[in-house]
Amino acid sequence: MIGTREIAPCCTWDETDIARLRIITIVKYVIRSFVLHASIAKPIGESGKLQLTSDMTELEFGLSAFMSDKTQQKRGTDWESVGDDYRALRAMR
C-alpha cells in the first residue's frame, strides 16, 4: 500500500511512478505540518512575520529541490500535483 491507496497486482506501475507518489505524499505532509504549526503561533511582531516569511521561502525552495525530476524538460516544480496544501502555504504569506 502507498499512503491510503492500494496497488492492484494487475497494474503495471513502474518504480518512478511509485517514487513520485511517495514524494508527493511526503511533501503534502511537510507543508500541512508547517502550516498547522505556523498557524498556532502566538501573535507575532513584524520581525516574527519577516522570519516566518523567510522560513516559508526556504521551505518552498527545499521542497522544490526534493520534488525536482531529473527527466523533467521544463524548469520549476509541478506544484499542481501537491494541490490544496501548497495553496494553503502560499495563502499564509
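The values are calculated or read from the model by the stated rules, or taken from the named source; none is laboratory data. Note that the coordinates shown come from a computational prediction; the quantities given were computed from them, not determined experimentally. Neighbour counts are summed over all protein chains in view; Cβ atoms, including those assigned to glycine, are modelled from backbone coordinates with ideal geometry. These accessible areas exclude ligands, DNA and RNA; they are computed on the full protein's heavy atoms, side chains included. Shrake-Rupley method; radii C 1.70, N 1.55, O 1.52, S 1.80 Å.
Structure values in brief
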quantity	calculated
Residue count for region 18-63, restricted to those that are within 15 Å of ASP78 (Cβ to Cβ) and either outside any helix (DSSP H, G or I) or over 17 Å from the mean Cα position of the chain (by Cα) (or both)	0
Where a residue in region 42-53 is over 15 Å from MET92 (Cα atoms) and among the basic types (Lys, Arg) and its partner, wherever it lies, is open to solvent by 60 Å² or more (accessible area, probe 1.4 Å) and in a helix (DSSP H, G or I), with Cβ under 6 Å and at least six apart	none
Identity of the residue in region 58-93, farther than 19 Å from ARG20 by Cβ and open to solvent by 70 Å² or more (accessible area, probe 1.4 Å), that ends up modelled with the highest pLDDT	GLU58
